[in-house]
Ligand SMILES: [Zn+2]
Ligand SMILES: [Zn+2]
């Protein structure tokens, strides 16, 4: 498992690698543009070259790009759908440029409308975005299940992948906080194993491509997306250790999106703590 954190690319893409190294990250995640604005940040081929030249000497072995929150590929408003397509293509092309592991996407929201129709709309936008980019994988993130958000169950994620054409570039990003909030108890090794069996049956574990590790302020099944620092929420240290030591998570990148003590995101101490919990989880599994 490549453990790391969400970091800022402020000052240039390559700065994200530096921030990752400062935090002892083996994987990082960045936003490719301001997360709350449509206006894309434009990068040049030179920015991509500098990034690709710097990564081999960095401890960061995998880079995830989180698509911005404004996107709703499932929107029935043509203007929002078009803007979402443009932004998703932009994210995938940045991913192509820097050799990212994947773009992570919240699949969208049906709002108050029909879920099957929303899934079809989202699938169309995702398929078009893949067609307009070269190779960067697209990982759909499971959601906490608030409101009309799509992707709260493995069945729904499987239907989203199908409706996007089932391309080999489509994968899954599992978020531990969202799993718990959407009703999956993953706090013991046996429970997580059963949840992953269900994931495999619905989606196929070969699609499992990346992980977000966040503790959850909100309880099991609350459908509320409230990230907490590791060990301070409903997963607790034990639940986080289970997630970090799951054998089927193997070599996947796993990034923290936690608030951090100063509300500036995960620090080096937080990443070190995750590594400690991982060692603890692995040791506990060896004992049983
Ligand atoms: Zn997440
Ligand atoms: Zn979240």
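The condition of being within 16 Å of ligand 2 (Cβ to nearest atom), farther than 17 Å from residue 242 by Cβ and in contact (Cβ under 8 Å) with a residue 12 or more places away in the chain holds for only one of 99, 145, that being 145. Reported count of residues in the stretch 81-97, each being closer than 20 Å to residue 149 by Cβ, out of contact with any strand residue (DSSP E or B) (no Cβ under 6 Å at 6 or more places or on another chain) and crowded, with 18+ Cβ neighbours inside 10 Å, is 5.
Of all the numbered requirements in (1) away from ligand 2 (no atom under 15 Å from the Cβ); (2) over 30 Å from residue 128 (Cβ atoms); (3) buried (at least 19 other Cβ atoms within 10 Å of the Cβ), residue 227 misses one, and that requirement is (1). In the set 169, 159, 207, only one residue is away from ligand 1 (no atom under 14 Å from the Cβ) and closer than 21 Å to residue 30 by Cβ; that residue is 169. Looking only at residues in the stretch 124-141 that are assigned to a helix (DSSP H, G or I) and under 23 Å from residue 212 (Cβ atoms), which one is nearest to ligand 1 (Cβ to nearest atom)? So the residue we want is 126.
Table: residues versus (1) over 15 Å from the mean Cα position of the chain (by Cα); (2) part of a loop (DSSP other than H, G, I, E, B); (3) closer than 26 Å to residue 131 by Cβ.
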| site | (1), (2), (3) |
| --- | --- |
| 144 | no, yes, no |
| 157 | no, no, yes |
| 172 | no, no, yes |
| 179 | no, no, no |
| 186 | yes, yes, no |
| 191 | yes, no, no |
| 200 | yes, no, no |
| 206 | yes, no, yes |
| 211 | no, no, no |
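Would you point out which residue out of 251, 266 is assigned to a loop (DSSP other than H, G, I, E, B), surrounded by 23 or more Cβ atoms within 10 Å (Cβ to Cβ) and in contact (Cβ under 8 Å) with a residue 40 or more places away in the chain?
Being assigned to a loop (DSSP other than H, G, I, E, B), surrounded by 23 or more Cβ atoms within 10 Å (Cβ to Cβ) and in contact (Cβ under 8 Å) with a residue 40 or more places away in the chain holds for just one of 251, 266, which is 266.
Counting the residues of the stretch 1-16 that are free of Cβ contacts under 8 Å to residues at least 12 places away in the same chain and not in a loop (DSSP other than H, G, I, E, B) gives 1.
For residue 69, the conditions (1) surrounded by fewer than 17 Cβ atoms within 10 Å (Cβ to Cβ); (2) away from ligand 2 (no atom under 16 Å from the Cβ) all hold with the exception of (2). Within the stretch 194-214, being closer than 12 Å to residue 246 by Cβ, away from ligand 2 (no atom under 16 Å from the Cβ), surrounded by 15 or more Cβ atoms within 10 Å (Cβ to Cβ) and touching a residue at least 24 places away in the same chain (Cβ under 8 Å) holds for 196, 199, 208.
Scanning the stretch 17-42 for residues that are in a helix (DSSP H, G or I) and surrounded by fewer than 14 Cβ atoms within 10 Å (Cβ to Cβ) gives a single hit, 22.
Readers should treat all values here as calculations from the given coordinates under stated rules, not as data from a laboratory. Predicted model only: the values in this text are computed from it and were never measured. No Cβ is skipped: glycine too gets one built from the backbone with ideal geometry, and neighbour counts run over all protein chains shown.
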